[in-house]
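Below: the structure, in structure tokens.
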Amino acid sequence: MTKEKSRKELLSTNDEFITFSARMFVLAGEHKKQLYIVGYCILAIIILFIAGNIYLKHRNIRAQEAYNTGYYEISGSITPEKKQEIYAKARADFGKVLAEYKMSKAAPLTIPQMAHIDFLEKKYDDAIKKYQDYLDKKPDEPYYSYALLALSTCYEEKGEYDMAIKTLEKAVAKAEGYSKEQAMLSLAGIYRIKKDFTKSNEILKDFIEKFPSSSFVEVAKASISS
């Protein structure tokens, strides 16, 4: 009796493992077709995932190429007789990005570029609308601050100085580094246009204190003394 029990104890673990393995082999044999189908489905998902990433990468490359073409067209020196032609071509390139590659990484950046073309053509209301649409999408820094600076310039060109000040104050509060420097100097400049020299000087002194090593410090100092 003792010997039989010991033998059972000795074999029980191995027997259970063998029995479990045997069951799995039997189960796999009985459901071979279903297992093949599951395997093919997993393989298909992996292939689709890889293909999707390759497709998106290709689309991003094509979108970036179209964006770069438009960007460089309006970034160089433009002669007066060629500017309308160049603006139209750049607008078409940026429009292509929005129309054909709207899910690409370059697509959101085409909006402020098209706004910039409107600004160059003195279509300030159209530029303001585009910049505001872009800002409503809450872009990351530094693009958000740069768009605020560009928007304030549109208001300044229209003579809407209070709106320019309001926009620049947002930029000063949000921006860091170079874009903050530009926002503060622009804000001081608007106050000088409004002949509020006290407020302008206050901003310039704050600028000198915050950015003592800035390349614009001497400009700020000269503006205070003038």
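The values are calculated or read from the model by the stated rules, or taken from the named source; none is laboratory data. Source: prediction; values computed, not measured. In this analysis, Cβ positions are derived from the backbone assuming ideal geometry, glycine residues included, and neighbour counts consider all displayed protein chains.
Could you go through the stretch 124-139 and let me know if any residue there is in contact with a Pro (Cβ under 7 Å, 6 or more places away or on another chain) and surrounded by fewer than 20 Cβ atoms within 10 Å (Cβ to Cβ).
Yes - at least one qualifying residue is present in the stretch 124-139.
For the stretch 158-202, give me each residue that is in a helix (DSSP H, G or I), of a type in the set (Gly, Ala, Ser) and under 26 Å from Asp118 (Cα atoms). Outline the logic, then answer.
Residues of the stretch 158-202 that are in a helix (DSSP H, G or I), as a first pass: 158, 161-174, 177-193, 197-202.
With the extra rule that they be of a type in the set (Gly, Ala, Ser), the set shrinks to 164, 171, 173, 177, 179, 183, 186, 188-189, 200.
Those that are in a helix (DSSP H, G or I), of a type in the set (Gly, Ala, Ser) and under 26 Å from Asp118 (Cα atoms): Ala164, Ala171, Ser179, Ala183, Ser186, Ala188, Gly189.
Go through Ala92, Ala164 for me and flag whichever is hydrophobic (A, V, I, L, M, F, W, C), without any contact (Cβ under 8 Å) to a residue 40 or more places away in the chain and surrounded by fewer than 17 Cβ atoms within 10 Å (Cβ to Cβ).
Working: Ala164 fails: surrounded by fewer than 17 Cβ atoms within 10 Å (Cβ to Cβ).
Of the residues listed, the single one that is hydrophobic (A, V, I, L, M, F, W, C), without any contact (Cβ under 8 Å) to a residue 40 or more places away in the chain and surrounded by fewer than 17 Cβ atoms within 10 Å (Cβ to Cβ) is Ala92.
Quick one: which residue in Ile193, Ile165, Ile128 is under 21 Å from the mean Cα position of the chain (by Cα) and of a type in the set (A, V, I, L, M)?
Details: Ile193 fails: under 21 Å from the mean Cα position of the chain (by Cα); Ile165 fails: under 21 Å from the mean Cα position of the chain (by Cα).
Of Ile193, Ile165, Ile128, the one residue that is under 21 Å from the mean Cα position of the chain (by Cα) and of a type in the set (A, V, I, L, M) is Ile128.
From the set of residues in the stretch 61-89 that are modelled with pLDDT of 85 or more and among the hydrophobic types (A, V, I, L, M, F, W, C), which is surrounded by the fewest Cβ atoms within 10 Å (Cβ to Cβ)?
Among them, the one singled out is Ala88.
Can you say whether Lys199 is surrounded by fewer than 17 Cβ atoms within 10 Å (Cβ to Cβ), farther than 30 Å from Lys102 by Cβ and within 26 Å of the chain's Cα centre (by Cα), as far as the supplied structure shows?
On the way: surrounded by fewer than 17 Cβ atoms within 10 Å (Cβ to Cβ): yes; farther than 30 Å from Lys102 by Cβ: yes; within 26 Å of the chain's Cα centre (by Cα): no.
Taking the combined requirement at face value, the residue does not satisfy it.
Sort through Glu121, Glu156 and tell me the only one that's at pLDDT 90 or above, of a type in the set (D, E, K, R) and surrounded by 19 or more Cβ atoms within 10 Å (Cβ to Cβ).
Numbers: Glu121 fails: surrounded by 19 or more Cβ atoms within 10 Å (Cβ to Cβ).
Every option except Glu156 fails the conditions.
Which of the following residues is out of contact with any Asp or Glu (no Cβ under 8 Å at 6 or more places or on another chain), of a type in the set (Ser, Thr, Tyr), part of a loop (DSSP other than H, G, I, E, B) and not assigned by TED's automatic domain parsing to the domain that holds Leu98: Ser215, Ser152? Explain how you work it out, then say what you get.
Working: Ser152 fails: part of a loop (DSSP other than H, G, I, E, B).
Checking each option against the conditions leaves just Ser215.
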